[in-house]
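J.: First the structure, then my questions, so here it is.
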Amino acid sequence: MLLLLLVPLFLRPLGAGGAQTPNATSEGCQIIHPPWEGGIRYRGLTRDQVKAINFLPVDYEIEYVCRGEREVVGPKVRKCLANGSWTDMDTPSRCERRAVYIGALFPMSGGWPGGQACQPAVEMALEDVNSRRDILPDYELKLIHHDSKCDPGQATKYLYELLYNDPIKIILMPGCSSVSTLVAEAARMWNLIVLSYGSSSPALSNRQRFPTFFRTHPSATLHNPTRVKLFEKWGWKKIATIQQTTEVFTSTLDDLEERVKEAGIEITFRQSFFSDPAVPVKNLKRQDARIIVGLFYETEARKVFCEVYKERLFGKKYVWFLIGWYADNWFKTYDPSINCTVEEMTEAVEGHITTEIVMLNPANTRSISNMTSQEFVEKLTKRLKRHPEETGGFQEAPLAYDAIWALALALNKTSGGGGRSGVRLEDFNYNNQTITDQIYRAMNSSSFEGVSGHVVFDASGSRMAWTLIEQLQGGSYKKIGYYDSTKDDLSWSKTDKWIGGSPPADQTLVIKTFRFLSQKLFISVSVLSSLGIVLAVVCLSFNIYNSHVRYIQNSQPNLNNLTAVGCSLALAAVFPLGLDGYHIGRSQFPFVCQARLWLLGLGFSLGYGSMFTKIWWVHTVFTKKEEKKEWRKTLEPWKLYATVGLLVGMDVLTLAIWQIVDPLHRTIETFAKEEPKEDIDVSILPQLEHCSSKKMNTWLGIFYGYKGLLLLLGIFLAYETKSVSTEKINDHRAVGMAIYNVAVLCLITAPVTMILSSQQDAAFAFASLAIVFSSYITLVVLFVPKMRRLITRGEWQSETQDTMKTGSSTNNNEEEKSRLLEKENRELEKIIAEKEERVSELRHQLQSRQQLRSRRHPPTPPDPSGGLPRGPSEPPDRLSCDGSRVHLLYK
């Protein structure tokens with residue numbers, strides 16, 4: 001039976017587990033106490049027995065055990081010797097945490113010697129993490145590192161050693177981007193997580209290519225959220241870009257293009273160059289670029305801004321965004337490749353904005369390590385062998401320090417630290433995908449306050465950090481704000497200064513102005529319309545008052561009344577036709593549009609429809625066949641009114657469907673920008689209001705189609721009946737003349753106004769004057785002759801009025817009868833000619849038969865009556881024709 005005796009933690013260990021050595025006696029070996037965080041197994045003894053004895057016999061063995069995942073370091077089993085001592089007493093036994101190994105590549109030299117400061121920062125972080133009892137209590141992080149020299153070839157060699165030599169590494173930590181690319185691509189084959197502290201290449205954000213890659217150094221694309229935030233702050237919706245053709249800038253700009261698109265911002269112009277930026281800068285000037293993002297190295301930046309000075313692409317109308325890691329006096333450095341002076345360069349770069357990743361928390365708050373950022377800098381400086389400014393990677397050192405903390409917290413979560421159930425990290429090997437996945441999930445959910453700021457990773461494994469925003473003011477950079485992209489928090493110091501006093505516009509300022517109808521033209525035409533309405537009322541009153549007069553009665557006064565009403569409605573349509581945004585608000589515009597349509601449509605149907613009905617009846621009656629001539633003697637007025645009602649009903653139905661299905665509404669027509677003389681940075685954008693609907697052309701096609709057919713048919717009927725004279729409608733010639741004028745004006749005005757719709761004055765003048773003139777002509781032609789006749793002849797008072805009208809009617813009837821007789825004579829002549837031709841033909845046949853009979857039979861005596869003998873086929877006497885009546889009619 002084995003008994004595990006655990007000594008309380010407050011007891012101080014003795015013997016091999018402590019500082020005292022048990023006394024040797026002949027009785028055996030004195031009992032020793034277990035090490036810290038450990039215990040001893042006693043074979044064959046109970047707890048009470050162990051408490052009752054002080055010595056154990058010779059050859060008795062004890063075994064050390066440790067709590068949790070700790071392991072025994074030193075002899076694990078001791079045996080009591082005959083001399084009263086335990087074996088291997090010169091080597092202490094301790095319960096230590098299990099080692100978890102990190103394989104790191106620090107570039108101590110090469111293109112970026114960042115390991116000079118980052119390695120000491122990592123060592124500091126390991127000391128701080130391993131000293132914490134609440135983080136990985138059963139494990140200890142240990143570092144195995146090599147110098148990669150920021151060279152992928154050298155890194156390949158050391159990566160092979162790290163992977164194929166014991167102990168197993170649970171994570172890899174490369175430095176510069178080129179080495180990280182190599183390590184991250186290979187790591188997934190070994191189920192290893194890669195955590196970089198100094199890689200900024202945007203290409204490393206590709207999760208498909210680098211599925212297990214994380215980095216505490218933000219990607220170069222982290223500048224883009226800050227830029228987008230500033231664009232939104234200053235209300236810029238259009239930007240332009242110019243970049244040097246390298247992979248890092250191209251991928252950064254691609255990312256920026258996606259982000260601005262999501263924010264509703266447009267990159268209007270994108271330029272790139274390899275070595276000479278002259279042409280791209282000229283193109284930016286030509287395209288009126290105002291907000292420009294520049295991505296290029298420092299030497300190329302001097303070339304760009306020399307060309308910017310030559311093209312005058314700077315000043316109060318322009319803002320440039322540059323990378324913040326240039327030297328503070330980069331634009332003053334002598335460069336033989338440019339031909340601009342320092343003064344010119346200083347003038348060209350004034351006011352530009354830079355963004356730079358914040359690698360040291362600017363706030364004086366304590367991090368998870370209980371250090372402030374300033375305390376970290378002081379502690380790190382003491383560990384360095386050289387001055388910080390001469391030590392490579394000093395700026396990135398906080399990122400390396402926080403990388404260890406991010407790893408420790410992820411491993412702590414994976415192993416079940418803090419009382420949670422987890423996996424055994426010592427079970428990890430390069431084939432254990434399960435532990436790798438758990439470490440990945442823990443790393444992906446990292447969120448803590450480090451010395452570099454808030455540490456959190458985005459979906460691509462890149463660090464989200466603060467960005468410092470600076471502006472060049474008076475030749476030196478001034479901090480104007482910070483941006484935390486993880487919390488979308490912009491800390492603004494309100495120290496930004498602008499050459500023009502305020503941030504410039506992202507494009508030439510466009511002032512929208514509406515083109516309104518000339519008020520002088522509107523008033524003039526309105527006066528004419530008003531007078532026309534008065535004239536229509538006078539004509540209507542005259543017609544109603546004299547409706548008992550026979551001359552007025554014979555002109556179908558009710559139809560004339562409808563004509564006067566239609567003219568009034570058409571003239572009233574001139575007023576809403578001239579109303580626009582100068583007189584009414586936007587909400588009232590649809591009602592004005594409907595008023596135009598209904599007044600003009602109903603006015604046309606009533607005015608023109610009543611005249612068309614008259615002329616149609618005259619043409620119909622006087623072109624009937626002879627057998628229907630009785631229609632001329634009677635005229636049923638209800639048929640005329642029904643015809644007008646049909647035309648009006650068609651209009652009402654069409655307009656109602658139009659208004660319900662596709663109502664008219666206010667639309668805006670925009671014209672080309674106009675440049676004012678007084679300010680070249682302002683453009684005027686003229687706009688014009690219209691009444692329109694979604695399928696305006698379709699409705700106009702229907703409306704104008706059948707209206708046009710009515711006009712053309714009216715012209716034809718008027719022409720056909722110009723010589724007809726009838727008592728029933730004694731003013732049809734005047735109606736025909738009115739139809740001519742209305743049709744010509746309408747057929748000309750409709751297409752002209754559609755062509756001139758963008759010229760509000762011309763379109764209104766054509767449409768309104770056509771309405772006015774056609775209404776005036778109609779009223780004058782129809783009503784003024786009647787007024788003149790009644791006034792000059794006094795027919796409403798004369799007793800002989802009926803006699804005069806009867807005589808006039810008799811003369812008209814005689815003329816009509818004469819024409820009818822002439823027509824009947826011509827028809828009878830034709831019939832007689834046909835009969836005579838038939839009689840001669842029959843006589844010829846009869847003679848031929850008589851000759852045939854005379855040959856066959858002897859001659860017969862003559863008939864006593866003296867007539868010719870009748871053959872079987874001889875026509876009867878009814879074939880004889882008495883032409884006396886025909887002769888009389890013809891004569």
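J.: Taking interchain pairs and intrachain pairs at least six residues apart, which have beta carbon atoms under 6 angstrom, with the first residue in segment 433-451 and within 17 Å of residue 404 (Cβ to Cβ) and among the aromatic types (Phe, Trp, Tyr) and the second open to solvent by 10 Å² or more (accessible area, probe 1.4 Å) and not in a helix (DSSP H, G or I)?
T.: 448/368
J.: I'm checking my understanding of the structure. Among residues of segment 346-362 that are in contact with a Lys or Arg (Cβ under 8 Å, 6 or more places away or on another chain) and not in a loop (DSSP other than H, G, I, E, B), which one is surrounded by the most Cβ atoms within 10 Å (Cβ to Cβ)?
T.: So the first thing to find is which residues in segment 346-362 are in contact with a Lys or Arg (Cβ under 8 Å, 6 or more places away or on another chain), and the list is 346, 351, 355.
After this cut, where a residue has to be not in a loop (DSSP other than H, G, I, E, B) as well, the list is 346, 355.
Working: 346: 17, 355: 23.
Top of the filtered list is 355.
J.: Separate question: Answer yes or no: is there a residue in segment 481-493 that is surrounded by fewer than 12 Cβ atoms within 10 Å (Cβ to Cβ) and of a type in the set (Ser, Thr, Tyr).
T.: Yes, that holds for at least one residue.
J.: Next question. Within the set of pairs 6 or more residues apart or between chains, which connect a residue that is within 19 Å of residue 174 (Cβ to Cβ) inside segment 382-397 to a residue that is polar (S, T, N, Q) with Cβ atoms less than 7 Å apart?
T.: Listed pairs, sorted by first residue: 392/116; 393/116.
J.: Shifting gears a bit: Can we say residue 143 is under 51 Å from the mean Cα position of the chain (by Cα), surrounded by fewer than 24 Cβ atoms within 10 Å (Cβ to Cβ) and either modelled with pLDDT of 90 or more or within 17 Å of residue 400 (Cβ to Cβ) (or both)?
T.: In short, no.
J.: Something else now. What number of residues within segment 608-644 are open to solvent by less than 40 Å² (accessible area, probe 1.4 Å), modelled with pLDDT of 70 or more and either farther than 21 Å from residue 743 by Cβ or among the charged types (D, E, K, R) (or both)?
T.: Of the residues in segment 608-644, 2 are open to solvent by less than 40 Å² (accessible area, probe 1.4 Å), modelled with pLDDT of 70 or more and either farther than 21 Å from residue 743 by Cβ or among the charged types (D, E, K, R) (or both).
J.: I'm told residue 337 meets every condition in (1) in contact with a helix residue (DSSP H, G or I) (Cβ under 9 Å, 6 or more places away or on another chain); (2) touching a residue at least 60 places away in the same chain (Cβ under 8 Å) except one. Can you identify the failing condition by its number?
T.: (2)
J.: Identify the single condition in (1) more than 32 Å from the chain's Cα centre (by Cα); (2) modelled with pLDDT of 90 or more; (3) surrounded by fewer than 19 Cβ atoms within 10 Å (Cβ to Cβ) that residue 471 does not satisfy, given that it satisfies every other one.
T.: All conditions are met except number (3).
J.: While we're on this one: What are the pairs with Cβ atoms under 6 angstrom where one residue, in segment 121-140, is farther than 14 Å from residue 409 by Cα and the other, located anywhere, is of a type outside the set (A, V, I, L, M, F, W, C) and modelled with pLDDT of 90 or more? Sequence gap at least six, or different chains.
T.: The qualifying pairs are 121/401.
J.: Being open to solvent by 10 Å² or more (accessible area, probe 1.4 Å) and more than 49 Å from the chain's Cα centre (by Cα) is the filter here, so list the residues in segment 111-124 that pass it.
T.: Residues satisfying the conditions are 116, 119, 120, 123.
J.: Also, quick follow-up: Could you check how many residues of segment 53-99 are β-branched (Val, Ile, Thr) and touching an Asp or Glu at 6+ places or on another chain (Cβ under 7 Å)?
T.: 2
J.: Collect the residues in segment 255-308 that are basic (Lys, Arg) and free of Cβ contacts under 8 Å to residues at least 12 places away in the same chain, keeping them in residue-number order. Give the steps one after another, and end with the answer.
T.: From segment 255-308, those basic (Lys, Arg) are 259, 261, 270, 282, 285-286, 290, 302-303; that's our starting set.
Hits for segment 255-308 are 261, 286.
J.: Here's a check for you: in segment 49-83, which residue that is in a helix (DSSP H, G or I) and among the aliphatic types (A, V, I, L, M) is most open to solvent (accessible area, probe 1.4 Å)? Let's see the steps before the verdict.
T.: Of segment 49-83, the ones in a helix (DSSP H, G or I) are 49-52.
Subsequent filtering for residues that are among the aliphatic types (A, V, I, L, M) retains 50, 52.
On the way: 50: 11, 52: 83 Å².
That would be 52.
J.: Scan segment 682-691 and give yes if some residue there is out of contact with any Pro (no Cβ under 7 Å at 6 or more places or on another chain), assigned to a helix (DSSP H, G or I) and either at pLDDT 80 or above or not hydroxyl-bearing (Ser, Thr, Tyr) (or both), otherwise no.
T.: No, because not a single residue in segment 682-691 is out of contact with any Pro (no Cβ under 7 Å at 6 or more places or on another chain), assigned to a helix (DSSP H, G or I) and either at pLDDT 80 or above or not hydroxyl-bearing (Ser, Thr, Tyr) (or both).
J.: Next question. Which residues, counting only those in segment 125-137, are touching a Gly at 6+ places or on another chain (Cβ under 8 Å) and surrounded by fewer than 22 Cβ atoms within 10 Å (Cβ to Cβ)?
T.: 134, 135, 137 - these are the residues of segment 125-137 that are touching a Gly at 6+ places or on another chain (Cβ under 8 Å) and surrounded by fewer than 22 Cβ atoms within 10 Å (Cβ to Cβ).
The values are calculated or read from the model by the stated rules, or taken from the named source; none is laboratory data. Quick caveat, the model's predicted, so the values are computed rather than measured. Every residue, glycine among them, receives a Cβ derived from its backbone with ideal geometry; neighbour counts consider all protein chains shown. The protein model used for the area step is the full one, side chains on, heavy atoms only, and it has no ligands, DNA or RNA in it. Shrake-Rupley method; radii C 1.70, N 1.55, O 1.52, S 1.80 Å.
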